[in-house]
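Undergrad: Shown below is the structure under consideration.
The values are calculated or read from the model by the stated rules, or taken from the named source; none is laboratory data. Keep in mind it's a predicted model, so treat the numbers as computed, not measured. All Cβ positions, glycine included, derive from the backbone under ideal geometry; neighbour counts span all protein chains shown.
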Ligand SMILES: Nc1ncnc2c1ncn2[C@@H]1O[C@H](COP(=O)(O)OP(=O)(O)O)[C@@H](O)[C@H]1O
Ligand SMILES: [Mg+2]
């Protein structure tokens with residue numbers, strides 16, 4: 001299931017050809033579904049890899065597929081948890097996974113109160129979003145006000161203020177890929193010059209990181225905490241060990257495949273097949 005065929009989806013198509021897997025491509029632009037009927041003649045595959053870039057599109061398509069009894073990687077439960085950073089932070093902390101201290105507030109005034117408790121610098125994030133977009137550093141009350149003010153003129157989802165302690169970390173973070181109950185590959189993402197965010201979409205540079213038992217244990221626990229499936233777990237290094245700051249449910253992997261040589265697309269396909277009900 002896709003909305004755009006990125007290089008990552010093309011790698012999945014290549015892996016399917018290589019392994020002789022019968023892969024059907026479903027362009028969600030073309031879907032017109034009667035979700036109240038199971039007799040609309042749409043032929044569905046045995047299992048689905050959900051690859052829509054749009055979070056909103058992906059969870060709605062996944063809900064419709066699960067209603068037809070089809071396994072979807074990732075499930076509605078996991079994607080709707082991961083796709084909202086606040087719900088994900090709650091799931092991680094309930095599972096006792098080390099994660100940055102995070103507040104939610106709904107007004108500028110309450111956000112400044114939260115910031116007083118968290119201290120500066122802090123980080124403001126949209127609850128739904130990726131690639132580091134709108135992820136901003138709040139350095140003091142003045143800059144916090146300047147950054148919060150325009151959000152009042154944005155979509156109401158941008159007025160769910162997700163405010164987090166800024167972690168003291170090296171100029172990099174870690175992305176660890178979990179498929180089922182295994183951490184299959186990991187990379188450092190080194191921040192590009194002049195940028196504190198490490199997203200490869202912002203120029204962050206991927207570097208192979210052999211998976212250690214500590215990294216695997218924490219990443220697999222984080223994956224389980226959001227409902228299990230296949231994920232890109234984002235972690236940061238602190239003086240007292242790793243913290244998990246995000247679990248991504250529709251993950252890009254082309255840079256990781258390039259630097260680690262691990263066949264992530266092949267593993268995703270095998271995992272989807274393993275979920276087909278007997
Ligand atoms: N609490 C934090 N402390 C320090 N750096 C952070 C923190 N949260 C995020 N970052 C940096 O910002 C990047 C984007 O944040 P993230 O929560 O992963 O959102 P996105 O979904 O946009 O990737 C991270 O990869 C990391 O480099
Ligand atoms: Mg991220």
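Undergrad: Being buried (at least 17 other Cβ atoms within 10 Å of the Cβ), free of Cβ contacts under 8 Å to residues at least 24 places away in the same chain and within 15 Å of ligand 1 (Cβ to nearest atom), is that true of even one residue in the stretch 167-188?
TA: For the stretch 167-188, residues buried (at least 17 other Cβ atoms within 10 Å of the Cβ), free of Cβ contacts under 8 Å to residues at least 24 places away in the same chain and within 15 Å of ligand 1 (Cβ to nearest atom): present.
Undergrad: Could I ask something else about it? Any chance you could count how many residues in the stretch 64-83 are closer than 14 Å to residue 227 by Cα and either part of a helix (DSSP H, G or I) or under 14 Å from the mean Cα position of the chain (by Cα) (or both)? Quick ask: steps written out before the conclusion?
TA: Going through the stretch 64-83, the residues closer than 14 Å to residue 227 by Cα turn out to be 71-83.
Adding the requirement that they be either part of a helix (DSSP H, G or I) or under 14 Å from the mean Cα position of the chain (by Cα) (or both) leaves 73-83.
Number satisfying all stated conditions: 11.
Undergrad: While we're here: Give the residue, chosen from 61, 123, that is within 19 Å of the chain's Cα centre (by Cα), away from ligand 1 (no atom under 16 Å from the Cβ) and touching a residue at least 24 places away in the same chain (Cβ under 8 Å).
TA: On the way: 123 fails: away from ligand 1 (no atom under 16 Å from the Cβ).
61 is the lone residue from the list that is within 19 Å of the chain's Cα centre (by Cα), away from ligand 1 (no atom under 16 Å from the Cβ) and touching a residue at least 24 places away in the same chain (Cβ under 8 Å).
Undergrad: Let me ask something else about it. How about the stretch 117-164: which of its residues are touching a strand residue (DSSP E or B) at 6+ places or on another chain (Cβ under 6 Å), outside any helix (DSSP H, G or I) and crowded, with 17+ Cβ neighbours inside 10 Å?
TA: Selection gives 122, 123, 124, 125, 127, 135, 136, 138, 161, 162, 163, 164.
Undergrad: If you take the residues in the stretch 189-216 that are assigned to a helix (DSSP H, G or I) and within 11 Å of ligand 1 (Cβ to nearest atom), which one is surrounded by the most Cβ atoms within 10 Å (Cβ to Cβ)? I'd like the intermediate steps shown before the answer.
TA: Going residue by residue through the stretch 189-216, those that are assigned to a helix (DSSP H, G or I) are 200-202, 213-216.
This time we only want the ones that are within 11 Å of ligand 1 (Cβ to nearest atom), so: 200-202.
Details: 200: 19, 201: 12, 202: 16.
It comes out as 200.
Undergrad: Next question, about the same structure. Taking only the stretch 37-58 into account, find how many residues are more than 23 Å from the chain's Cα centre (by Cα) and closer than 27 Å to residue 84 by Cα. Break it down into steps so the answer makes sense when it comes.
TA: To start, the set of residues in the stretch 37-58 that are more than 23 Å from the chain's Cα centre (by Cα) comprises 37-46.
Now drop any that are not closer than 27 Å to residue 84 by Cα, which leaves none.
Here the count works out to 0.
Undergrad: Next up: Give the residue that is nearest to ligand 1 (Cβ to nearest atom), with candidates limited to residues of the stretch 217-243 that are under 27 Å from residue 47 (Cα atoms) and part of a strand (DSSP E or B). Steps first, answer last, please.
TA: Initially, the stretch 217-243 is screened for residues under 27 Å from residue 47 (Cα atoms), giving 219-234.
In the following step, the residues that additionally are part of a strand (DSSP E or B) were identified as 230-234.
Values: 230: 17, 231: 13, 232: 10, 233: 10, 234: 5 Å.
Filtering the stretch 217-243 for residues that are under 27 Å from residue 47 (Cα atoms) and part of a strand (DSSP E or B), the one nearest to ligand 1 (Cβ to nearest atom) comes out as 234.
Undergrad: Moving on. Those residues that are part of a helix (DSSP H, G or I), over 14 Å from residue 73 (Cβ atoms) and in contact with a helix residue (DSSP H, G or I) (Cβ under 7 Å, 6 or more places away or on another chain), I need them from the stretch 254-278; list them, please. Don't jump to the end; show me each part of the working.
TA: Start the filter on the stretch 254-278 by keeping residues that are part of a helix (DSSP H, G or I), which leaves 254-260, 264-274.
Restricting the remaining residues to those that are over 14 Å from residue 73 (Cβ atoms) gives 254-260.
Scanning the stretch 254-278 gives 254, 255, 256, 257.
Undergrad: Now for a separate question. Give the residues of the stretch 181-196 that are farther than 22 Å from residue 267 by Cα and out of contact with any strand residue (DSSP E or B) (no Cβ under 9 Å at 6 or more places or on another chain), sorted by residue number.
TA: Within the stretch 181-196, 193, 194, 195 qualify.
Undergrad: Can you name the residue in the stretch 193-226 that is in contact (Cβ under 8 Å) with a residue 12 or more places away in the chain and touching a helix residue (DSSP H, G or I) at 6+ places or on another chain (Cβ under 7 Å) and is also farthest from ligand 2 (Cβ to nearest atom) among such residues?
TA: First, pick out the residues of the stretch 193-226 that are in contact (Cβ under 8 Å) with a residue 12 or more places away in the chain: 196-202, 204-211, 214-216, 218-226.
If we keep only those that are touching a helix residue (DSSP H, G or I) at 6+ places or on another chain (Cβ under 7 Å) too, we end up with 200, 206-208, 222, 225-226.
Details: 200: 10, 206: 13, 207: 16, 208: 19, 222: 13, 225: 16, 226: 14 Å.
Of everything passing the filter in the stretch 193-226, 208 is farthest from ligand 2 (Cβ to nearest atom).
Undergrad: Still on this structure, please answer the following. Out of the stretch 142-165, which residues are closer than 23 Å to residue 198 by Cβ and in contact with a helix residue (DSSP H, G or I) (Cβ under 9 Å, 6 or more places away or on another chain)? Give the derivation first.
TA: Of the stretch 142-165, the ones closer than 23 Å to residue 198 by Cβ are 143-144, 147, 158, 161-165.
Those that are closer than 23 Å to residue 198 by Cβ and in contact with a helix residue (DSSP H, G or I) (Cβ under 9 Å, 6 or more places away or on another chain): 144, 158, 161, 162, 163, 164, 165.
Undergrad: Does residue 250 satisfy the condition of being in a helix (DSSP H, G or I) and surrounded by 21 or more Cβ atoms within 10 Å (Cβ to Cβ)?
TA: Values: in a helix (DSSP H, G or I): no; surrounded by 21 or more Cβ atoms within 10 Å (Cβ to Cβ): yes.
It is false that residue 250 is in a helix (DSSP H, G or I) and surrounded by 21 or more Cβ atoms within 10 Å (Cβ to Cβ).
Undergrad: Given the criteria modelled with pLDDT under 95 and either farther than 30 Å from residue 252 by Cα or within 16 Å of ligand 2 (Cβ to nearest atom) (or both), does residue 119 qualify?
TA: On the way: modelled with pLDDT under 95: no; either farther than 30 Å from residue 252 by Cα or within 16 Å of ligand 2 (Cβ to nearest atom) (or both): yes.
No; evaluated as a whole, the condition is false for this residue.
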